[in-house]
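Some notes on the structure that comes next.
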Amino acid sequence: MEHRVMIARSAIEALRSGVPSKHAVERLGITRSDVAELFERSLDLVADGQCAEPMVIDANFGAGKSHLLNYLQILAEKKNFATSYLTVSPEIPLGNPHVVLKALAENARAPGRTGKALRAMSPDLRTSGSAFADLRLWARDANIYDRFRALLHVFEETHDDELRMQILGDFEGKPLILTVLRQKLREMGQLAGYDLRGPRNFLLAHDRIRVMAQLLHACGCNGIVVLFDELERLAQFSRKQRFAAYDEVGWWIDIAAQSGSRIIPVFTLTRGFVEETITGGASDELRYFSGTLGILDAEPDNRGQRGIEFLKQPIHLSEPTTEEKEQVKYRIKAIYEEAYGLSLPDLKTLAASTTMRSDIRRWVTLWDMHRYYPQHDPDVDVGNIEFDTTEISDEDLPSGEEAGG
């Protein structure tokens with residue numbers, strides 16, 4: 001089978017199942033060139049060491065939010081950024097930074113590399129070069145715990161490849177045992193130079209994310225883009241967990257606003273989440289501002305308020321017009337014809353009230369049936385999916401407190 005045919009078939013399989021794939025996304029493109037241009041401006045700013053505005057995008061279910069995120073991920077990779085794609089879920093609750101860190105590190109990919117980005121890029125890290133020297137200077141002035149300055153010092157001085165991998169693992173959320181770090185510093189005569197006291201490791205996730213972004217930059221990337229999909233799933237979490245998530249959104253906004261942070265976050269949510277959960281319905285905004293559950297007392301700089309205000313001002317992703325759907329249909333038709341070497345009939349585009357996702361599945365299904373039964377004239381019904389809206393209890397979410405060190 002020719003490579004181009006295999007790629008085309010892979011793209012069709014992804015479209016049939018509703019799972020975005022790089023090949024399908026690249027071939028289809030997007031209809032919102034203004035969003036792509038705004039995102040590329042942010043990439044250029046961060047590549048120059050400046051700050052950039054984070055993005056939040058909302059749209060109706062099935063309108064193409066995940067497709068758009070995948071397209072932005074491709075743009076970021078072409079601009080030499082590492083990327084990490086995270087879907088909010090009980091396994092990755094946005095309000096738990098340590099769990100987010102570990103998922104971010106696991107899913108992070110570097111341009112042209114396979115495997116976890118930090119491990120894949122580490123062979124390019126030259127501790128004797130100017131990039132690593134700049135990293136050490138950043139760590140000195142970045143208001144991070146001494147633990148991470150000490151780890152960078154040991155990484156620079158040691159020739160033990162296994163220890164270096166353990167240090168990278170620490171930055172990814174798998175802490176190096178503190179006694180090991182102390183022993184290495186003692187052997188180097190540097191133990192007195194670092195204060196290794198600090199909070200428990202699961203509370204150091206923010207520092208680890210910042211260091212990871214700087215390490216990726218020292219390895220040759222321009223920074224990291226973190227893509228958060230399906231924020232509307234927070235509606236099923238308890239109010240305490242939602243408030244923690246708003247605080248985390250506030251932190252990502254703050255860190256993106258710091259020049260030289262090398263971090264760009266992008267969020268998507270389904271239209272209606274803000275109106276139903278934040279400003280109305282559950283009234284999270286009112287309850288948060290009134291100090292419910294003591295959150296405000298524990299967050300003196302009020303990151304959560306900034307997170308809520310940010311989510312209230314998304315870029316609206318409109319439903320594609322009939323003309324835009326026609327363009328997408330003919331692009332997919334061309335991929336299908338390339339994949340299976342046949343000429344396909346034109347299909348009627350349904351009313352604009354159907355989602356793009358359901359339209360794509362309908363087209364592919366009809367073309368499948370034509371491929372096997374060309375004389376048959378099938379009719380495919382389109383229905384709605386009902387989701388389980390049962391609240392997810394706090395006990396069902398990972399705590400992140402298993403981290404040792």
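The values are calculated or read from the model by the stated rules, or taken from the named source; none is laboratory data. Predicted model, so just to flag it, every value in this text is computed and none were measured. Backbone-built Cβ (ideal geometry, glycine too); neighbour counts: all protein chains shown.
With respect to Phe171, is the statement that it is buried (at least 22 other Cβ atoms within 10 Å of the Cβ), outside the structural domain of Ala47 (by TED's automatic domain parsing), among the aromatic types (Phe, Trp, Tyr) and touching a residue at least 60 places away in the same chain (Cβ under 8 Å) true? Yes; evaluated as a whole, the condition is true for this residue.
Note on the range 349-398: residues that are of a type outside the set (D, E, K, R), within 30 Å of Lys102 (Cα to Cα) and at pLDDT 70 or above total 5.
The condition (being touching a strand residue (DSSP E or B) at 6+ places or on another chain (Cβ under 8 Å), assigned to a helix (DSSP H, G or I) and surrounded by 14 or more Cβ atoms within 10 Å (Cβ to Cβ)) is satisfied by just one residue among Ala131, Ala103: Ala103. When Gly64 is tested against (1) out of contact with any Lys or Arg (no Cβ under 6 Å at 6 or more places or on another chain); (2) surrounded by fewer than 22 Cβ atoms within 10 Å (Cβ to Cβ); (3) under 21 Å from Thr321 (Cβ atoms), only condition (2) is not met. The set of residues in the range 278-306 being at pLDDT 75 or above and outside any helix (DSSP H, G or I) consists of Thr279, Gly280, Gly281, Ser283, Asn302. Here Gln214 meets each of (1) under 16 Å from Ala139 (Cα atoms); (2) part of a loop (DSSP other than H, G, I, E, B); (3) polar (S, T, N, Q) with one exception, condition (2). Given the condition touching a residue at least 40 places away in the same chain (Cβ under 8 Å) and touching a Lys or Arg at 6+ places or on another chain (Cβ under 6 Å), answer yes or no: does some residue in the range 109-127 qualify? Checking the range 109-127: at least one residue is touching a residue at least 40 places away in the same chain (Cβ under 8 Å) and touching a Lys or Arg at 6+ places or on another chain (Cβ under 6 Å). For the range 106-128, a residue qualifies if it is surrounded by 21 or more Cβ atoms within 10 Å (Cβ to Cβ) and among the small types (Gly, Ala, Ser), and the qualifying residues are Ala108, Ala110, Ala117.
Filtered by the rule that a residue be over 11 Å from the mean Cα position of the chain (by Cα) and β-branched (Val, Ile, Thr), the range 100-129 gives Thr114, Thr127.
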